[in-house]
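Shown below is the structure under consideration.
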Amino acid sequence: MRIVVHGQQAFGKAVLEALLKRGDDVVAVYVAPEKEGAKADPLKEAALAAKLPVYQPVSYRKPEVWEELRALKPDLQVMAFVTLFVPEEFLNIPTKGSIQYHPSLLPKYRGPSAINWPIIQGDTETGLSIFWPDNGLDTGDVLLQKKTPIGPGDTLGTVYFDRLFPMGVEAMLESVDLVKAGNAPRIKQDESKATYEGRCGPDNAHIDWGRPWQGIDRLIRGCNPAPGAWSTLAGKQLKIFDAKPIPAKDPKGIAGKMGEIVAADSDGFTVVCADGRFKVTRVQPADGKKVEAGEWLKTANVATGTRLT
């Protein structure tokens with residue numbers, strides 16, 4: 001079966017290498033074009049190392065791009081982390097169609113930040129879907145799904161890199177085998193259960209210390225490592241990546257104004273919220289790199305009583 005791999009970054013590279021390792025017939029690779037001056041995409045580098053032809057069209061809406069794919073005589077397009085819109089005219093060129101990875105249990109959490117939002121919204125489970133893409137956004141029929149729990153200490157990083165990434169590579173291989181055997185299902189998504197969330201960016205990641213601790217905790221974890229939950233300190237942004245909630249058991253467990261730094265020591269600082277406090281242990285100042293909060297305090301000149309907003 002002649003396979004075209006389409007994707008980018010580390011996940012696209014991992015899928016390509018897994019297919020090649022087991023001897024699948026990959027005939028070409030499509031990669032998102034790099035921005036001017038940027039390094040070559042990891043998938044592109046892996047494809048070139050394997051002496052595979054690489055294509056990087058700026059748009060997939062052009063007939064000449066469709067003809068380019070058609071000339072490869074592909075049986076299946078495997079889409080691993082594709083961010084450009086790909087129309088059905090391109091998707092349907094392979095004789096067996098195209099399959100795509102999405103890091104949520106479709107139809108829930110369609111959209112570009114499908115790993116952040118389940119954590120932020122307090123879900124206890126998420127997963128991945130391999131589906132047959134169409135002209136909608138994550139609306140195509142589902143081929144298979146895999147589930148994974150979201151634990152109380154999970155971050156976007158742990159959910160993706162520890163589980164959804166390796167699970168996704170294996171699910172792609174399993175899906176290719178199902179297509180090859182002629183047993184790949186096409187399960188309609190239940191539109192009554194569909195949700196769509198926009199990109200989780202800086203506007204969504206601002207910490208409101210007047211909220212209960214559970215919401216703040218989920219926001220910090222769901223934005224770690226990207227986009228990074230943040231507050232403002234002395235007019236400058238301070239991103240917070242690791243913070244342990246300390247729920248209040250009595251009034252002394254709050255004992256301060258919302259956002260007030262009530263303690264600072266060698267391993268971090270403590271901030272007041274609506275129903276408790278947070279011990280912040282890892283931060284990134286606006287003009288610096290991620291550091292342990294205790295190290296940052298040595299040069300930040302932050303006094304207790306200062307407020308984060």
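The values are calculated or read from the model by the stated rules, or taken from the named source; none is laboratory data. Quick caveat: nothing in here was measured; it's all calculated off a predicted structure. So basically every Cβ, Gly included, is an ideal-geometry build from the backbone, and we count neighbours across all protein chains shown. Only protein heavy atoms, including side chains, enter the accessible area calculation; ligands, DNA and RNA are left aside. Shrake-Rupley method; radii C 1.70, N 1.55, O 1.52, S 1.80 Å.
With the requirement that a residue be closer than 14 Å to SER98 by Cβ, open to solvent by 30 Å² or more (accessible area, probe 1.4 Å) and in a strand (DSSP E or B), what does the stretch 127-151 give you?
none
Only residues in the stretch 243-263 that are farther than 10 Å from LYS279 by Cα and modelled with pLDDT of 95 or more count as the first member; pair them with residues that are in a helix (DSSP H, G or I) and open to solvent by 40 Å² or more (accessible area, probe 1.4 Å), Cβ under 8 angstrom, at least 6 apart or cross-chain, and list the lot.
Every condition considered, the pairs that remain are PRO247/TRP213.
I would also like to ask the following. Among GLY182, GLY198, GLY210, which is the only one that is farther than 20 Å from GLY268 by Cα, surrounded by fewer than 22 Cβ atoms within 10 Å (Cβ to Cβ) and free of Cβ contacts under 8 Å to residues at least 40 places away in the same chain?
The conditions single out GLY182.
Can you name every residue in the stretch 1-47 that is under 26 Å from GLY182 (Cβ atoms), among the acidic types (Asp, Glu) and open to solvent by less than 60 Å² (accessible area, probe 1.4 Å)?
ASP24
Assess whether VAL29 counts as being touching a Phe, Trp or Tyr at 6+ places or on another chain (Cβ under 8 Å), without any contact (Cβ under 8 Å) to a residue 40 or more places away in the chain and either over 27 Å from MET167 (Cα atoms) or not in a helix (DSSP H, G or I) (or both).
yes
How many residues, within the stretch 54-103, are of a type in the set (Phe, Trp, Tyr) and either in contact with a Pro (Cβ under 7 Å, 6 or more places away or on another chain) or part of a strand (DSSP E or B) (or both)?
3
Give the stretch 215-235 a look and list any residue that's more than 13 Å from the chain's Cα centre (by Cα) and in a loop (DSSP other than H, G, I, E, B), or say none.
Scanning the stretch 215-235 gives ALA234, GLY235.
State the number of residues belonging to the stretch 290-299 that are surrounded by fewer than 18 Cβ atoms within 10 Å (Cβ to Cβ) and either in contact (Cβ under 8 Å) with a residue 24 or more places away in the chain or more than 21 Å from ALA229 (Cα to Cα) (or both).
Summing the residues that are surrounded by fewer than 18 Cβ atoms within 10 Å (Cβ to Cβ) and either in contact (Cβ under 8 Å) with a residue 24 or more places away in the chain or more than 21 Å from ALA229 (Cα to Cα) (or both) in the stretch 290-299 gives 5.
Test of understanding: among LEU52, LEU84, which residue is modelled with pLDDT under 95 and either under 19 Å from ASP134 (Cα atoms) or in contact with a strand residue (DSSP E or B) (Cβ under 8 Å, 6 or more places away or on another chain) (or both)?
Checking each option against the conditions leaves just LEU84.
Okay, next question. Take ASP154 and decide whether it is surrounded by fewer than 16 Cβ atoms within 10 Å (Cβ to Cβ), under 15 Å from the mean Cα position of the chain (by Cα) and of a type in the set (Asp, Glu).
No, not satisfied.
Select from the stretch 240-263 the residues that are open to solvent by 50 Å² or more (accessible area, probe 1.4 Å) and assigned to a strand (DSSP E or B) and write down the one among them that is nearest to ILE220 (Cα to Cα).
Ranking the qualifying residues of the stretch 240-263, first place goes to ASP242.
Let me ask something additional. Do the conditions hold for ILE216, that is, is it within 29 Å of PRO118 (Cβ to Cβ) and in contact with a strand residue (DSSP E or B) (Cβ under 6 Å, 6 or more places away or on another chain)?
Yes; evaluated as a whole, the condition is true for this residue.
A further question follows. With the requirement that a residue be touching a Gly at 6+ places or on another chain (Cβ under 7 Å) and surrounded by fewer than 18 Cβ atoms within 10 Å (Cβ to Cβ), what does the stretch 266-285 give you?
Residues satisfying the conditions are SER266, ASP267, ALA274, LYS279, THR281.
Hey, another quick one. Pull out all pairs, ordered by first then second residue, where Cβ-Cβ is under 6 Å, the residues are six or more apart or on different chains, the first lies in the stretch 273-289 and is touching a residue at least 40 places away in the same chain (Cβ under 8 Å) and in a loop (DSSP other than H, G, I, E, B), and the second is of a type in the set (A, V, I, L, M, F, W, C) and open to solvent by 50 Å² or more (accessible area, probe 1.4 Å).
ASP275/TRP213
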